[in-house]
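The values are calculated or read from the model by the stated rules, or taken from the named source; none is laboratory data. Here the structure is a predicted model, which means the values were calculated and not measured. Backbone-built Cβ (ideal geometry, glycine too); neighbour counts: all protein chains shown.
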Amino acid sequence: MAVNSLVMIDTCIWVSFFNRPNSPERKVIDGLLDDDRVAIVGPILGEVLQGFRRDEQADWVASSLRGLRELDVTWDDWRHAAQLGRELSARGHKLPLTDLVIAAVAISKTSLSSLSILISISSPT
């Protein structure tokens with residue numbers, strides 16, 4: 001499978017997936033999982049697991065996500081994250097480094113059009 005056909009799902013959408021079984025996010029992600037199109041990056045995994053209060057929940061979720069394709073954060077991704085941070089800072093915006101790294105990896109290794117679909121279904125209308 002081409003890397004650019006993969007979809008990297010952000011933390012807020014994983015939260016809906018695990019906490020709201022009938023959510024639109026759940027239905028879309030289930031389809032992507034069935035098609036083996038979901039990828040994850042370390043910072044998202046860390047954020048998702050950190051959000052659980054009990055170790056048992058975090059362990060269950062970790063084992064559920066273990067089979068996903070893991071995207072490596074490369075030297076170029078780190079440089080791109082820093083560049084994004086500088087550009088945003090020049091415009092008066094400050095984002096956490098984890099979000100900048102996630103954005104850099106999404107830009108270089110996933111299908112941004114698919115990512116935007118997931119963002120749009122999770123946004124209130």
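Looking at the structure I just gave you, is residue 125 at pLDDT 90 or above, of a type in the set (Val, Ile, Thr), over 13 Å from the mean Cα position of the chain (by Cα) and over 14 Å from residue 14 (Cβ atoms)? The answer is no for residue 125.
If you check residue 13 against the conditions, is it touching a residue at least 40 places away in the same chain (Cβ under 8 Å), touching a Leu at 6+ places or on another chain (Cβ under 6 Å) and under 20 Å from residue 110 (Cβ atoms)? When the stated conditions are applied, residue 13 passes them.
Among the residues of the range 37-60, the one identified as charged (D, E, K, R) and under 13 Å from residue 13 (Cβ atoms) is 47. Of all residues in the range 50-78, exactly one satisfies the criterion of being assigned to a helix (DSSP H, G or I), within 21 Å of residue 104 (Cα to Cα) and touching a helix residue (DSSP H, G or I) at 6+ places or on another chain (Cβ under 6 Å), namely 77. Determine which single condition residue 117 fails, assuming it passes every other condition in (1) modelled with pLDDT of 90 or more; (2) part of a helix (DSSP H, G or I); (3) not acidic (Asp, Glu). Failed condition: (1). Within the range 66-96, which residues are of a type in the set (A, V, I, L, M, F, W, C) and in contact with a strand residue (DSSP E or B) (Cβ under 6 Å, 6 or more places away or on another chain)? Listed by number, the residues that qualify are 68, 71. Selection over the range 34-44 of residues that are free of Cβ contacts under 8 Å to residues at least 24 places away in the same chain and part of a helix (DSSP H, G or I) gives a count of 1.
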